[in-house]
Structure formats: C-alpha cells, structure tokens
1. Once the Cα atoms of the stretch 43-384 are picked out, what are the Rg and Dmax in Å?
2. With the Cα gyration tensor of the stretch 287-388 in hand, give its eigenvalues times 5 under a square root as the equivalent ellipsoid semi-axes, listed largest first in whole angstrom.
3. Multiplying the sequence separation of residue 323 and residue 309 by 0.36 nm and subtracting their Cα-Cα distance, what value in nm do you get?
4. How do 175-181, 355-361 rank on mean C-beta neighbours within 10 Å, highest first?
5. Compare the peptides 145-153, 205-213 by average per-residue count of other Cβ atoms within 10 angstrom and give them in order, highest first.
6. Pulled fully out, how much extra length does the chain show between residue 157 and residue 247, if you take 0.36 nm times their separation in residues and subtract their Cα-Cα distance?
7. Which distance in nm do the two modelled labels at residue 60 and residue 89 give, with both placed 7 Å along the Cα-to-Cβ direction?
8. Starting from the 7 Å offset along Cα-to-Cβ, what nm value, one decimal, do you get for the label separation of residue 75 and residue 316?
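None of the figures in this text is laboratory data; all of them are computed from the coordinates on show. Quantities reported herein were computed from a predicted structural model and do not represent experimental measurements. No Cβ is skipped: glycine too gets one built from the backbone with ideal geometry, and neighbour counts run over all protein chains shown.
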C-alpha cells in the first residue's frame, strides 16, 4: 500500500482557496447588509474606543483663525480624593480605574485643573460617541429659533421618502428630541462579534444610513407613549438637519457652532460613506478644550450658539430614563440642576450652572463598564461642589 505524501505547496494552495472562498462569502454578506468590507468591519469591531474614529470615513468641521480663542487659566485646584463605588480613593486611582484620557475643570470660565493621560495632549482628537446627540440638539434648537423647524413637525413631512403607512409617520421632532418616538431599534447589544448583527451595531458600522432607516421603521411603541433611549431617533434628527439646511451637517456645525464657540482645532464627524451622511447619534471627535467650550455656552445668559429658549429646553428635564436620570432634548440630568453630555466608553461634559462649572472627561472604557456612568456622575458632582 502506497503512502500519501504531504505536499506543503498543495496544502498552502488549498488553504488559500478556502480563505478566498470565506472572504468572498463574507464580502457578499457585508455588502448585503451595508457594512464595510470584512477586514475593515473586523478592525472596527475589535478596536479600542479611542481608535474607532480613524477607521471610518469622516467630514471635517473646521476651526477658524479669526474666531479661535483659548480658555484662560484660573487659580489652580488640586482634588485629592473622590468617592468611587462607595469607597474613598485618590483621584489618580479614579482616573486609572475609569480609563481616563483627558480631564478638565473650568470654574467661572477659567481652567483650574487639566490632565492628559495615555499619550493624549490638548490637541489630541478624542471620540465622544453619544455626546454627539447634544451637539445635534444644539443645531435643532438653532433651526427652531430661525423659524425653519417646529417641534410639532412630523419627520415624514420633512422627509416623505420615509413614509411607512404606520405609526412611524406620526413621529414628531419633539418626540425624537425626548426619546419618545418609539422606533424599534434598541440600544442594547452584546459586546464583541456577537453584537455585530444587531440593528444598533449595523447603524454604527453601516455604510448607508438611509438604507438602514428604510429597513428599520418598525415601531416598538406608539409615538409619545413611552420613553426609551434610542440612538436611531437622534440619527433621524441629523437627517432633518441635512434636509432643511441643504448642506452637510458638519459644514453647518462648523459655521454655526464650532467657530462661534472659538474652537482651536478642527474636529471630525464620521459618516456612513465618503461624501455621505453624518452619524449624528455618535461619532463626533474633537480636542478636549473645544468640547468644554460647547459646555461653556450653556452657562452664558446670551450665547450666539444656544438661544435662551433652547437653553431652557435643555435645562428642563422632561422624561426619566436610565439610572432614574432626567432627560430632555438630547441631554441628561443626573440631578435636576445639572446638564450632562454623555457618551459611551466614558465621555462626559458636566455642566453645573449654579456653580458656573464645566467638567470634561474623556475615557477609553469598555462597552460593558458596569455602573461606571452612575459613579462617575457622582464623582463629577463631588468635584463641582468641591467636596474632595
């Protein structure tokens, strides 16, 4: 009986053929569900939070040399200890435990504390995930102030191509703002590859948000009847901005927000594809101090960016969502007197009007970070109150 001889060349050739077949199959699948090609999708799924913006196409919103300004320095403060999961820990241990990349305290318009970690600097472009929701709300507020939009307007009256012949057609701008629209795309998804097939992950990683929405118009609740945090509803607001202004969301934001707050550095907003649509529910990337400048606008009695009417809208809780926190017009209220921009992986702009304080925290936490958001909000309140 003759023995079969092992052929390395044949083995490598067969292995290569199998890999090619698998890649072609995956390519067909990702194309069908409007994901990037397989290797790009895998990289996006495995990258740490601070790296994902570089893996997706983006539009730039530009700072202007004519308007940029630095936040002045104030009397330095030196927080020592904070309460983290019911234990007193050093602030350095808090920074380490919550994977902090940048932390800034601003009192009365002046920086009193500023730290960067993990190689980040004042010019580093940091992702903010759902902080983008509040940025989107600011633009919606401007369009309402200009008389170009009403909160009572129906989404499909503005974008009739999305009419579904269901309760979806009844959704108003107000309901989208307050997470009461009831669109059936949950924000709950497993971590890692197991989560890539769910709708919210498809919207995040997808290459065509219009296609996504047309295929996800099912309703989980009658509009206005229930409150649940759903990122798809912010994406719909971004699509409204693009339709009304007739321009890229990033271009409008650059002119009407970024340059008016005096941003020092350009930022980017990730889009579904090159020259496509901004993913306004997330994917906003900028330098730490420039984030803080947007927060400072909410402390001004007269702001070029946020009208008194919209400031009242932002500062008045309307519904109660996760952690029993208040929510209104795409901003959180961990306590009734505070407004907080909040993003996945530990991104915060904490605005305390009574104490004229803004605190910025950028982080690189895992998706499943336990109760970190609850305890970080408590830490930020301690710092705002100087209870450290």
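1. Reported Rg and Dmax, both Å: 18.9, 60.
2. 21, 16, 14
3. So the extension gain works out to 2.3 nm.
4. 175-181, 355-361
5. 205-213, 145-153
6. So the extension gain works out to 30.5 nm.
7. 3.9
8. 3.7
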